[in-house]
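This report refers to the structure that appears directly beneath it.
The values are calculated or read from the model by the stated rules, or taken from the named source; none is laboratory data. Here the structure is a predicted model, which is why all the values come from computation and not from measurement. Backbone-built Cβ (ideal geometry, glycine too); neighbour counts: all protein chains shown. The area values use the complete protein model at the heavy-atom level, side chains included, leaving out ligands, DNA and RNA. Shrake-Rupley method; radii C 1.70, N 1.55, O 1.52, S 1.80 Å.
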Amino acid sequence: MHQIKVFRILSTLNKEEYSEFEKFVNSPFFNRSNELIKFFYALNKYYPLFSSSRLTNENIYKKLHPGKSFNEGTLRNLFTDLGNLAERFLGFIKYENSFDFRLKLLSETNARNLDKEFNKNYKSVYENNETMEDNFYKKNLNQFHLVTELDSFNDRRKIIPKNYSRNTLNEPLFTFFLAEFLFERSSQYSINQSKSGSEKYDIVELFFDTIDIERLIDGMRKNKSTHYKDIEFYYSLFLTAQNKNGNFYDNFKKSYCLFQERINSMTKNAQYRMYIWMRNIINLNIQSDDKELMKILFQLGKEMVEKELVLDDAGRMSTGMFVNLIHGAILVKELEWADKFLENKIDLIDEDAKYDFYNYYKAKILSRRKKYIESNEQLLKIDKEDILFKVDSKVLRMINFFELEYLETAFSQAETFRQFINRTEPLEGGRREKCLNFLKFYLVLLRKKSGMQNDISINYKELIVCTMIRNKDWLLNKFEELN
């Protein structure tokens, strides 16, 4: 039944949205078919899963038309009509509270010469845009649309406002454009690192090759532009991502200070967008042994959790975000925070994955607390067949055996891991290389620990410069202990 469009759409609605859809179906403005209303209520009790064995075409038709012979064509039309209505409803969700709706209202009052209503609504929409919109994304573009509508209003009434300036129209559009290009160019650094070669023509790159941005922004500052502060922040993040002077820490510190100055005027969407941008900039420059940047990355993630920016509209957290945050906490040895986060937030991720994630990260925290036997016992509770869980569990088990000085078992686990890597096809590319490099240096440590190898200084130098490797922080620590 989930293959049917109406069920696919309705199963995504939360209870409040589903209740609104009920009103939508019953509204003669959107639906004039009484039979479609009856059809909706016939499906009502199967929300939200629509997976009951009683949910069959025959049973639905029987409820709609008791005593009549089953007509598949009639039912097919009802499914199509309700599916189309549900799809239309998606376009109305939250639309009435959006800037686009309010702008359309202004446009209509202007077009119908409803001057009093236009003036009243314009002030409200303008102020609302300043305080409620995503300050660093759509606010400036919205302002451009608003001023355009106001210009049309004044032209129609043949009014030239006092102190009129084209900058009231041009500056917000320019600010939006430049901010988006700065964001796009910063993102391009990450893309270029992951792809060999580049396009022959790129409009964003061409723009920055031909325009003196610093001179342009300096002119905005000298002319006391009201939009200067927005651009200053974006440009600071751009320079940090670019890192031409090689002084990443000072550049990032300046960007972070500018962010803290503006954070209270941002909506949650804007805050989330900026946090993600700053974390991406760090990830572009971080090395696996850079403890200072790891701490900064953790601090940003911690702030996002405290502000509840990591949750979606339904109060859930993506598995990727969960892993990123708890892994970062463990790396910087914030084990108490990681443990509390695990216990308090695990129920916010997908039901199918949460028990395995809980057991794995509980095992990882136990291992970092030197409770290696308990860590291995926790790993035994993982049932998931996912290949990455198998890899992570095997590596953590190898680390625990090494720490326990069960050297014979550790050698055996290392050989088992080698065979696992070689015969596992889905483990390709970077993941395979990272695992093989971990195994290489892990065996060096085992041989040193068991007296089979004396000098590991050359291996240590190789490890320092190795970038494609997992658990580098642990390996470096063990090399330093044994060397």
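Please work out whether region 58-177 counts as rounded, prolate or oblate from its C-alpha gyration tensor, where a ≥ b ≥ c are the square roots of the eigenvalues and a/c under 1.5 means rounded, while otherwise a/b larger than b/c means prolate and anything else oblate? Taking the square roots of the gyration eigenvalues as a ≥ b ≥ c, region 58-177 is prolate.
With θ taken as phi - 60° and the Karplus curve 6.51 cos²θ - 1.76 cosθ + 1.60 applied, the whole-hertz 3J(HN,Hα) list for region 392-403 is 4, 5, 5, 5, 5, 5, 4, 4, 4, 5, 5, 5 Hz, x standing for glycine and proline. Angle of helix 72-92 to the longest C-alpha principal axis of the chain, folded into 0 to 90 degrees and rounded to 10: 90°. Protein-only accessible surface at a 1.4 angstrom probe places the residues D209, D473 in the order D209, D473, largest first. Relative to the longest principal axis of the Cα atoms of the chain, the long axis of helix 407-423 makes an angle of roughly 50 degrees. Add +1 for every Lys or Arg and -1 for every Asp or Glu among the other residues with Cβ under 12 Å from the Cβ of I296, and state the total. Result for the local shell: +2. By its C-alpha gyration tensor, with a ≥ b ≥ c as the square roots of the eigenvalues, how is region 260-348 shaped: rounded for a/c under 1.5, else prolate for a/b larger than b/c, else oblate? Because a/c hits 1.5 or more and a/b fails to exceed b/c, region 260-348 counts as oblate. Would you please give the FRET efficiency between E108 and D218, computed as 1/(1 + (r/R0)^6) with r the Cβ-Cβ distance and R0 = 35 Å, to the nearest 0.05? The formula returns an efficiency of 0.25 here. Taking a straight line from the alpha carbon of K254, these lysines sit under 18 Å away, with near neighbours fewer than eight places off in the same chain left out: K229, K244, K295. Taking all protein chains in place and a 1.4 Å probe, what share, in percent, of the accessible surface of region 137-190 do carbon and sulfur account for? Within region 137-190, the accessible surface is 56 percent carbon and sulfur. Could you tell me the calculated FRET efficiency between L380 and F70, based on Cβ-Cβ distance and R0 = 41 angstrom, to the nearest 0.05? Calculated transfer efficiency: 0.15. Rounded to the nearest 10 degrees, what's the angle between the helix 99-111 long axis and the longest principal axis of the chain, both from Cα atoms, 0 to 90? It works out to around 20 degrees. Dipole check for region 3-101: with +1 at the C-beta of Lys and Arg, -1 at the C-beta of Asp and Glu, and the Cα centre as origin, the magnitude is about 420 Debye. Dividing the mean sequence gap of close Cα pairs (under 8 Å, 6+ apart) by how many residues the chain holds gives a relative contact order of 8 percent.
Mind sorting out which of (i) 4, 21, 32, 27, 13, 3, 0; (ii) 3, 14, 18, 19, 19, 15, 8, 3, 1, 0; (iii) 3, 16, 26, 29, 18, 7, 1, 0 is the real P(r) over Cα pairs in 10 Å bins from 0, in percent computed from the coordinates? Structure-derived value, by its label: (ii). Secondary-structure-derived ellipticity at 222 nm for the chain, considering helices only, amounts to -23000 deg cm²/dmol, per-run term -39500 (n - 2.57) for DSSP H runs with n ≥ 4.
In the assembled protein chains, H145 presents an accessible area of approximately 70 Å² (probe radius 1.4 Å).
Given a Förster distance of 35 angstrom, what is the FRET efficiency for T56 paired with N280, based on the Cβ-Cβ distance and rounded to 0.05? The calculated FRET efficiency here is 0.10.
For region 1-104, lysine pairs separated by 8 or more sequence positions, or belonging to different chains, with Cα-Cα distances below 18 Å total 13.
Look at the Cα gyration tensor of region 15-65: its axes a ≥ b ≥ c give a/c of at least 1.5 with a/b at or below b/c, and that counts as oblate. Accessible surface area normalised per residue over the chain is 57 Å², counting heavy atoms of protein chains with a 1.4 Å rolling probe.
3J(HN,Hα) along region 227-238: 9, 4, 4, 4, 5, 4, 5, 4, 5, 4, 5, 4 Hz, from the Karplus curve 6.51 cos²θ - 1.76 cosθ + 1.60 with θ = phi - 60°, whole Hz, x for Gly and Pro. The portion of the accessible surface of region 269-401 made up by carbon and sulfur, rounded to a whole percent, is 46 (1.4 Å probe; DNA, RNA and ligands excluded). Counting 0.36 nm for each residue step from I160 to K449 and taking away their Cα separation leaves a gain of 95.6 nm.
Peptides 78-91, 13-26, 430-443 ranked from most to least packed by the mean count of surrounding Cβ atoms within 10 Å: 430-443, 78-91, 13-26.
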